[in-house]
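A quick write-up on the structure given underneath.
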Amino acid sequence: MKALAVAGLVLSLSGTSAWALEPVASSLRPEVRPVEGVQVASLSLPVRPKARPASRDVVETADQAGFDRWVQQFRTRAETQGIRRSVLDQAFKGVRYDPDVIKRDKNQSEFTKTIWDYLDTAVSDTRIANGKKALSREGAVLNRIEQHYGVDKEVVVAIWGLESAYGSFRGSNSTIGSLATLAYGSRRSDFFEDELIGALKILQSGDTTPAKMKGSWAGAMGHTQFMPSSYHALAVDFTGDGKRDIWSDDPTDALASTAAYLKHHGWIKGQPWGVEVRIPDGFDYLLASRETLKMPSDWAALGVVGVDGKPVRDHGAASVLLPAGADGAAFMIFKNFDVIERYNTADAYVIAVGHLADRIKDGRAIQGKWPRGDRALTYAERTEVQRRLTAKGFDTVKVDGKIGPLTINAVRRFQQSRGMKPDGYASLRILQALREPFLRCRIGPSATGQSPFIQACMRSRTSCDGLG
């Protein structure tokens, strides 16, 4: 989540590896992207790197010594912020530096997975079936939560399903240990130190104990994976027992806290997160932008209608989203998309939550086809796209391997310059086009020895403008 979990962090997915079908025993949180802009199909996902060589023990001993010194210094800072010494003693008892947490933090951006592969797992038949069971099992409390907060219960259940597989995988890392390790050794030490102080304040309030305060490697906790700062801001005691217990086997407080979070960020009861649509031939793909808002009736006048061929109801202003470019499924998205996005800003996550909620309500599967022949770009390839775009005059501003709005807009400008559909989709085809020399090949020289792209251009007896 952006606010509930760690802004900009990946929390558990890996490459294209197989996933267990029964039960689904993992959180599905992709890497978040910047809030603004249009999305792309690939998501950065952590993969455990190979073990270090034999010198690892020496390195980790040094890290532990440095961590111990840091803890002593931190304790002084924590006491100045009102944390009692007894709480610190209890919280840090047995806590050690965790090199695995640092490795996971450093390797978030290296490996990727396409949106369709992610959705295949996130909205699998098993996860849908388990969601229906969870909805039935917790129906009474979910109905009360929906009535109190005005947030659709199926959306709350879908978030629960993606964050902890309906409570079956809440994380086993010590929250204090993870946050202390990250505060000591990560790229965002100030952020994690603030979260660590927040976690200690939770312990000091008596809502839980260090032994029960467990969660993800990045410090997100409980059934729906709150970070300490969001816990303080928006967690609720819905059971009325005087504790905001998001860690208990009873998910009531966690589910109500999730609804409270969505309500706080503007959830509109009865409005869909999005509706799958058909894009007409000749559509101006520059309109497929989060900044372009129209009423569904106005989109219908441009030929953008539901997959049933009928205009989408005027639920409110909406934009058109093409998460896998012009050759993938298309969605008309509403304000509630933005609200779910506050939980996790990755489009794949938002689509997964919304679609899983729809499927739990017996909605139909996504009808559009995905470009399954594509593969996700690696980190090295994403940075190469950025470097080559900038070198060709389409400045991405920074080269960080993250396909955010600046890179997407640069891709659009490059596509326009080459006569392509400007959908902003940073695919392997875009990278290959960026690698090709820009030349025109009207009927002319032999294609022998040329790249497949140039050969195809020559065979077609047309301009190569779109290829290089």
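The values are calculated or read from the model by the stated rules, or taken from the named source; none is laboratory data. As the structure is a computational prediction, the values presented were derived from the model and not from experiment. Methodologically, a virtual Cβ is constructed for each residue, glycine included, from the backbone with ideal geometry; neighbour enumeration extends over all protein chains shown. Calculation scope for accessible area: heavy atoms of the full protein, side chains included, ligands and nucleic acids excluded. Shrake-Rupley method; radii C 1.70, N 1.55, O 1.52, S 1.80 Å.
Before moving on, here are some points about what is shown:
- In this rough spin-label picture, where each label sits 7 Å from Cα along the Cβ direction, the Leu302-Arg278 distance is 1.8 nm.
- In this label model, His232 and Lys93 are separated by 2.4 nm, measuring between points 7 Å along each Cα→Cβ vector.
- Surface composition of the range 250-315: carbon and sulfur make up 50 percent of the accessible area, probe 1.4 Å.
- Inter-label distance, nm, simple model (7 Å from Cα along the C-beta direction), Ala391/Lys361: 4.9
- For Lys243 and Lys133, the FRET efficiency from 1/(1 + (r/R0)^6), where r spans their Cβ atoms and R0 equals 35 Å, is about 0.85.
- For Asp100 and Glu436, the FRET efficiency from 1/(1 + (r/R0)^6), where r spans their Cβ atoms and R0 equals 41 Å, is about 0.45.
- Calculated FRET efficiency for the pair Met295/Ser205, C-beta based, R₀ 35 Å, to 0.05: 0.15
- Surface share of carbon and sulfur [accessible, 1.4 angstrom probe, percent] for the range 96-194: 44
- Cα shape, the range 124-232, gyration tensor, a/c 1.5 rule: prolate
- Shape category assigned to the range 65-186 from the gyration tensor of Cα positions, a/c cut at 1.5: oblate
- For the range 241-395, the square roots of the Cα gyration tensor eigenvalues, ordered a ≥ b ≥ c, give a/c of at least 1.5 with a/b no greater than b/c, which places it in the oblate category.
- Working note: Cα atoms of the range 97-140, range along each principal axis, descending, whole Å: 42, 30, 13.
- Among the GluC sites (Glu not before Pro) found in the range 256-364, those both in a DSSP coil and sparsely packed, with 12 or fewer other Cβ atoms within 10 Å of their Cβ, are Glu291.
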